[in-house]
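Here it is, the structure, as C-alpha cells.
The values are calculated or read from the model by the stated rules, or taken from the named source; none is laboratory data. Not measured: the values here are computed from a predicted model. Glycine gets a Cβ as well: all are built from the backbone with ideal geometry, and neighbour counts include every protein chain shown.
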Amino acid sequence: MALVTSTEMFKKAYDGGYAIGAFNVNNMEIIQGITEAAIEKRAPLILQVSKGARAYAKHVYLMHLIKAAIEDAEQTAGFDLPIVVHLDHGDSFELCKSCIDGGFTSVMIDKSGLPFEENIKITKQVVDYAHDHGVVVEAELGTLAGVEDEVNVSAEDSSYTRPEDVEEFVKSTGCDSLAIAIGTSHGAYKFKAEQCTRNEKGILVPPPLRFDILEEVSKRLPGFPIVLHGSSSVPQEFVKIINACGGKMPDAVGIPEEQLRQAARGAVCKINIDSDLRLAMTACIRQHFTEHPDHFDPRQYLKPARVAIKEMVEHKLVDVLGCDGKA
Ligand code: G3H
Ligand code: 13P
Ligand code: ZN
C-alpha cells in the first residue's frame, strides 16, 4: 500500500466513535516500535514529523524509513498498513511546501499564535497549494501551553479555542481538520503545581479538559475532524523509573487517559502523542544502564527501548484510541 491521506481514516473514525493515533517519529527505532504495534493491532496510523525531527534525522531518511515499514508490513505480516505522513506544527508556507513536494500526504500549518485574519490568510495559502497536490491540511485555532518545536508557550499565553470562530475559520481556509485548545498542553510538564490539585499519593492532578468547548465546536462543525495536540498522559511509573535511575523529572504531569478516551469516543478524530514515547524510551534506557553499567553496544539498550515504544503504542491504540482492528 502507498501512503494515504487522512480523509478516509477520519471519516471512518468519526462514524465509528474512535480516534486515530498520531505519533511523532525521529529515528528508526521509534518508527519500528510504532509500526510494529500498528501491525499487531491492525490499526490505521498517522506518523508525524516536526520541523525539529526533520532537522535531526533529515526528511529523506524519515521518508525512506516509513516506506520501509510499509514494505516490511506487507512482507512479514501480509498486511497493508495504512500510514499518513504528516508535518507536525508547520510554521511557514515554505516548510509546508517542502514537505508536500517531498511526499508527505498531510501537513499542519500552525499559525494559531497570529491574529485570526492572519491565521486564515496563511492557512488558506497552504490549503490551496496542498489541495492542488492531493495533500490534506490541519490548521489550529487557540493556543496550547507547553513546548512547541523548541519554543516555550507559557500558560499565561495559552488560550482556549473560541467556538464562535470555528465555522468562519474552516469555511474561509478550506482546511481539512482543525486542532483546538481545550486544556491539553505539550511536553512532560503540562501544568504548574499551582494549576493542579494533589491526590492522596501526592501526585499532581491537572485541571479537567474543557469538554464543554469540544461539544460546542462539534455542534458547529458536525462531522468535521477535530484534533487534540498535547495528549500524552505522562505515566507516573515511567517518571518514577527515570527519577530512580539518575534522572530528575519533578512534578511531570499529563492528561488523564480517561479524559482522552472520552474525547476519542466523541468528535475528536486525531490524538497527538509524542512525550509518552520519549518517556518510555528514556525510562527503558536509564533502567538498562542502571542494571547493566558495563554495556556499551547501542543495540543492547535500543532493542528494549524499541519494545517499550511498541508496548506503549499498543496500549494507546487499544485502551485509549479504540482504533485497533480498524485498518
Ligand atoms: O508538539 C511538539 C512535538 O512534541 C514535537 O516536538 O519539536 O521536539 O520534535 P519536537
Ligand atoms: P505531547 O507532548 O503531549 O505528547 O503532545 C504531542 C503533540 O501534540 C505533537 O504535536
Ligand atoms: Zn502538537
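Yes/no matrix, rows are residues, columns are (1) without any contact (Cβ under 8 Å) to a residue 24 or more places away in the chain; (2) among the basic types (Lys, Arg); (3) touching an Asp or Glu at 6+ places or on another chain (Cβ under 7 Å); (4) away from ligand 2 (no atom under 16 Å from the Cβ):
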site	(1), (2), (3), (4)
Asn24	no, no, yes, no
Glu29	no, no, no, yes
Ile34	no, no, no, no
Glu40	no, no, yes, yes
Ile46	no, no, no, no
Gly52	no, no, yes, no
Ala55	yes, no, no, no
Leu62	no, no, no, no
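Here are some residues: Ala308, Ala264, Ala244, Ala283. Which one is loosely packed, with under 15 Cβ neighbours inside 10 Å and at pLDDT 95 or above? Walk me through it before giving the result.
Numbers: Ala308 fails: loosely packed, with under 15 Cβ neighbours inside 10 Å; Ala264 fails: loosely packed, with under 15 Cβ neighbours inside 10 Å; Ala283 fails: loosely packed, with under 15 Cβ neighbours inside 10 Å.
Exactly one of Ala308, Ala264, Ala244, Ala283 is loosely packed, with under 15 Cβ neighbours inside 10 Å and at pLDDT 95 or above, namely Ala244.
Assigned to a helix (DSSP H, G or I), modelled with pLDDT of 95 or more and out of contact with any helix residue (DSSP H, G or I) (no Cβ under 7 Å at 6 or more places or on another chain): is that true of Arg278 in this structure? Before the answer, list the steps.
Details: assigned to a helix (DSSP H, G or I): yes; modelled with pLDDT of 95 or more: yes; out of contact with any helix residue (DSSP H, G or I) (no Cβ under 7 Å at 6 or more places or on another chain): yes.
Criteria met by Arg278.
Can you tell me which residues in the stretch 179-226 are more than 29 Å from Gly247 (Cα to Cα), in contact (Cβ under 8 Å) with a residue 60 or more places away in the chain and touching an Asp or Glu at 6+ places or on another chain (Cβ under 6 Å)?
Of everything in the stretch 179-226, just one residue is more than 29 Å from Gly247 (Cα to Cα), in contact (Cβ under 8 Å) with a residue 60 or more places away in the chain and touching an Asp or Glu at 6+ places or on another chain (Cβ under 6 Å), namely Ala179.
Something else now. Check whether at least one residue in the stretch 253-271 is in a helix (DSSP H, G or I), within 19 Å of the chain's Cα centre (by Cα), among the aliphatic types (A, V, I, L, M) and farther than 16 Å from Leu45 by Cα, and report yes or no. First the steps, then the outcome.
Taking the stretch 253-271 first, the residues in a helix (DSSP H, G or I) are 257-264.
Still in the running and within 19 Å of the chain's Cα centre (by Cα): 257-264.
With the extra rule that they be among the aliphatic types (A, V, I, L, M), the set shrinks to 260, 263-264.
Now restrict to residues that are farther than 16 Å from Leu45 by Cα: 260, 263.
Yes - at least one qualifying residue is present in the stretch 253-271.
Same structure, new question: Among all residue pairs at least 6 apart or on different chains, which show Cβ distances below 8 Å where the first residue, located in the stretch 272-287, is more than 30 Å from Phe10 (Cβ to Cβ) and the second is not in a helix (DSSP H, G or I)?
What qualifies is Thr282/Gly247; Ala283/Cys245; Arg286/Cys245; Arg286/Gly246; Arg286/Gly247; Gln287/Cys245.
Output the residues belonging to the stretch 288-327 that are touching a residue at least 60 places away in the same chain (Cβ under 8 Å) and outside any helix (DSSP H, G or I).
If the condition is that a residue be touching a residue at least 60 places away in the same chain (Cβ under 8 Å) and outside any helix (DSSP H, G or I), then Gly322, Cys323, Asp324, Gly325, Lys326, Ala327 are the ones that fit.
Which residue is farthest from the chain's Cα centre (by Cα), if the candidates are limited to the stretch 4-28 and must be surrounded by 20 or more Cβ atoms within 10 Å (Cβ to Cβ) and in a helix (DSSP H, G or I)?
Tyr14
Exactly one of (1) within 16 Å of ligand 2 (Cβ to nearest atom); (2) under 23 Å from Lys316 (Cα atoms) is unmet by Asp91. Its number?
Exception for Asp91: condition (2).
Residues are listed down the side, and each one gets a yes or a no for (1) within 16 Å of ligand 1 (Cβ to nearest atom); (2) more than 18 Å from the chain's Cα centre (by Cα):
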{"residue": "Ala43", "(1), (2)": "no, no"}
{"residue": "Met63", "(1), (2)": "no, no"}
{"residue": "Ala69", "(1), (2)": "no, yes"}
{"residue": "Asp91", "(1), (2)": "yes, no"}
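Going through Gly174, Gly187 one at a time, which residue ends up being in contact with a Lys or Arg (Cβ under 7 Å, 6 or more places away or on another chain) and either under 25 Å from Thr7 (Cα atoms) or modelled with pLDDT of 95 or more (or both)? First the steps, then the outcome.
On the way: Gly187 fails: in contact with a Lys or Arg (Cβ under 7 Å, 6 or more places away or on another chain).
Of the residues listed, the single one that is in contact with a Lys or Arg (Cβ under 7 Å, 6 or more places away or on another chain) and either under 25 Å from Thr7 (Cα atoms) or modelled with pLDDT of 95 or more (or both) is Gly174.
Would you pick out the residues in the stretch 87-103 that are in contact with a Leu (Cβ under 9 Å, 6 or more places away or on another chain) and within 16 Å of ligand 3 (Cβ to nearest atom)?
Those that are in contact with a Leu (Cβ under 9 Å, 6 or more places away or on another chain) and within 16 Å of ligand 3 (Cβ to nearest atom): Leu87, Leu95, Cys96, Cys99.
Does Lys171 satisfy the condition of being assigned to a loop (DSSP other than H, G, I, E, B), over 22 Å from the mean Cα position of the chain (by Cα) and either among the acidic types (Asp, Glu) or surrounded by fewer than 16 Cβ atoms within 10 Å (Cβ to Cβ) (or both)? Give the steps one after another, and end with the answer.
Values: assigned to a loop (DSSP other than H, G, I, E, B): no; over 22 Å from the mean Cα position of the chain (by Cα): yes; either among the acidic types (Asp, Glu) or surrounded by fewer than 16 Cβ atoms within 10 Å (Cβ to Cβ) (or both): yes.
So Lys171 fails the test.
Taking the stretch 73-107, which residues are within 22 Å of Gly174 (Cβ to Cβ) and assigned to a helix (DSSP H, G or I)?
Hits for the stretch 73-107 are Phe93, Glu94, Leu95, Cys96, Lys97, Ser98, Cys99, Ile100, Asp101.
Is at least one residue of the stretch 39-60 among the basic types (Lys, Arg), touching a helix residue (DSSP H, G or I) at 6+ places or on another chain (Cβ under 8 Å), in a helix (DSSP H, G or I) and within 16 Å of ligand 3 (Cβ to nearest atom)? Explain how you work it out, then say what you get.
Step one: list which residues in the stretch 39-60 are among the basic types (Lys, Arg), which gives 41-42, 51, 54, 58.
Cutting the leftovers down to touching a helix residue (DSSP H, G or I) at 6+ places or on another chain (Cβ under 8 Å) gives us 41, 51, 54.
Next cut, in a helix (DSSP H, G or I) only: 41, 51, 54.
Then drop every residue that is not within 16 Å of ligand 3 (Cβ to nearest atom), which leaves 51, 54.
The answer is yes, given that some residue of the stretch 39-60 is among the basic types (Lys, Arg), touching a helix residue (DSSP H, G or I) at 6+ places or on another chain (Cβ under 8 Å), in a helix (DSSP H, G or I) and within 16 Å of ligand 3 (Cβ to nearest atom).
Write out, first by first residue and then by second, each pair whose Cβ atoms fall under 8 Å of each other, whose residues are 6+ apart or on separate chains, and whose first residue, in the stretch 87-104, is of a type in the set (Val, Ile, Thr) while the second is within 14 Å of ligand 2 (Cβ to nearest atom) and not in a helix (DSSP H, G or I).
Hits for this filter: Ile100/Val107.
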